1. Take the residues in the stretch B:104-122 that are in contact with a Lys or Arg (Cβ under 8 Å, 6 or more places away or on another chain) and either surrounded by fewer than 18 Cβ atoms within 10 Å (Cβ to Cβ) or assigned to a loop (DSSP other than H, G, I, E, B) (or both); name whichever of them is nearest to the other protein chains (Cβ to nearest Cβ).
2. Quick check on this structure: which one of B:L49, B:L25, B:L65 is within 14 Å of the chain's Cα centre (by Cα) and surrounded by 20 or more Cβ atoms within 10 Å (Cβ to Cβ)?
3. I'd like to know if the stretch A:134-142 contains one or more residues that are within 14 Å of chain B (Cβ to nearest Cβ), in contact with a Pro (Cβ under 9 Å, 6 or more places away or on another chain) and either on the phi > 0 side of the Ramachandran plot or surrounded by fewer than 17 Cβ atoms within 10 Å (Cβ to Cβ) (or both).
4. When you scan the stretch A:88-101, how many residues do you find that are part of a helix (DSSP H, G or I) and loosely packed, with under 12 Cβ neighbours inside 10 Å?
5. Scan (1) in contact with a Leu (Cβ under 9 Å, 6 or more places away or on another chain); (2) of a type in the set (V, I, T); (3) within 12 Å of chain B (Cβ to nearest Cβ) for the single condition A:V76 breaks and write down its number.
6. Take the stretch A:59-84 and flag every residue that is touching a residue at least 12 places away in the same chain (Cβ under 8 Å), within 21 Å of A:Q110 (Cα to Cα) and not in a helix (DSSP H, G or I).
7. Name every residue in the stretch B:143-156 that is on the phi > 0 side of the Ramachandran plot and either free of Cβ contacts under 8 Å to residues at least 24 places away in the same chain or more than 9 Å from every other protein chain (Cβ to nearest Cβ) (or both), in order of residue number.
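The values are calculated or read from the model by the stated rules, or taken from the named source; none is laboratory data. Because the structure is predicted, anything quoted here is derived from the model rather than measured. With ideal geometry, Cβ positions are generated from the backbone for all residues, glycine too; neighbour counts draw on all protein chains shown.
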Protein chains: 2
Amino acid sequence: MELYLIRHGIAQERNLAIKDEERSLTKVGQDKTTAVAKHLYDIGMRFDLILTSPLVRSRQTAEILTEMQLSSQLQVSTDLAPQGNIQAWLNWLEQQQYLPNTKLALIGHQPNLGAWASMLVWGEVTEGIILKKAGIIGLNLPTTGIALGRSQMFLLTPPKFLLG
Amino acid sequence: MELYLIRHGIAQERNLAIKDEERSLTKVGQDKTTAVAKHLYDIGMRFDLILTSPLVRSRQTAEILTEMQLSSQLQVSTDLAPQGNIQAWLNWLEQQQYLPNTKLALIGHQPNLGAWASMLVWGEVTEGIILKKAGIIGLNLPTTGIALGRSQMFLLTPPKFLLG
């Protein structure tokens, strides 16, 4: 299956007046995320399911992707929150019915997404992957057996390279 | 510095009537490489130097990039041929004058480019990176010291995701 790890768009700065989990996308964050979603739609990307972190900035990012018709299915998963870990959602994934051509998108946070991609491809965490806000990682997961250390990466891009 | 590893475009199939090193880009390969180069130009990419493998399909790819004004400097390096190894061109690189904002593009072949990116970021070769023809890898190399195992990847994309 193809797994896409998408970082939330640009959000309000951290400040004492707002809880971290309630920070919203800024106008620029909304616009750039919408432009990325439109580009993905235009090149034919569709996801069978979008799974998002429960934090507001991720949920808003996921909602933009569904509004732009990249998927008709959207679920919230606490496993994708900043304190989540890869094994939790890999366990969830193993229980799903998916086919070799299934496309799943996870919306979440750094450094988790880069670390998870690194674990899936190289079997260990490094700080070697830079994932910008509204950026995307694309991975091929093996059709059978363990995904950790056995997946392949075919995409890693910040918005800049997608938006002409 | 930023290092871009770019795979040559789609070339003639292997056949007994032509030497491997003389295979040319097909019309589709030329057109897709030109479209990628135009997109890179449009988003503001410029390279201080393009270094290419001596094989025809790589040289033609590099020439398209220079014709599209992505760089005014083009050199051929045998270190980038299929039998080349990373240490040879890293030794060359260490002797150059470059600044933190230098942008260097290497045009070459698989599996070398994916293996080199893997060595630069993770310190070892894996088969975990998929680089399509006319696809691009973008890496940040450390400003001082050894690059192997200490670089970061910010870009990996096939043409499909760049071309709307």
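1. Among those that are in contact with a Lys or Arg (Cβ under 8 Å, 6 or more places away or on another chain) and either surrounded by fewer than 18 Cβ atoms within 10 Å (Cβ to Cβ) or assigned to a loop (DSSP other than H, G, I, E, B) (or both), it is B:Q110.
2. Criteria check complete, one pass: B:L65.
3. Yes, because at least one residue in the stretch A:134-142 is within 14 Å of chain B (Cβ to nearest Cβ), in contact with a Pro (Cβ under 9 Å, 6 or more places away or on another chain) and either on the phi > 0 side of the Ramachandran plot or surrounded by fewer than 17 Cβ atoms within 10 Å (Cβ to Cβ) (or both).
4. Result for the stretch A:88-101: 2.
5. All conditions pass for A:V76, except number (3).
6. Residues satisfying the conditions are A:L74, A:Q75, A:V76, A:S77, A:A81, A:P82, A:G84.
7. Selection gives B:G145 alone.
One line per residue, one yes/no per condition, for (1) in contact (Cβ under 8 Å) with a residue 60 or more places away in the chain; (2) more than 16 Å from A:E127 (Cα to Cα):
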position	(1), (2)
B:L90	no, yes
B:L93	no, yes
B:L104	yes, yes
B:I107	yes, yes
B:P111	no, yes
B:W122	no, no
B:T126	no, yes
B:A134	yes, yes
B:L141	yes, no
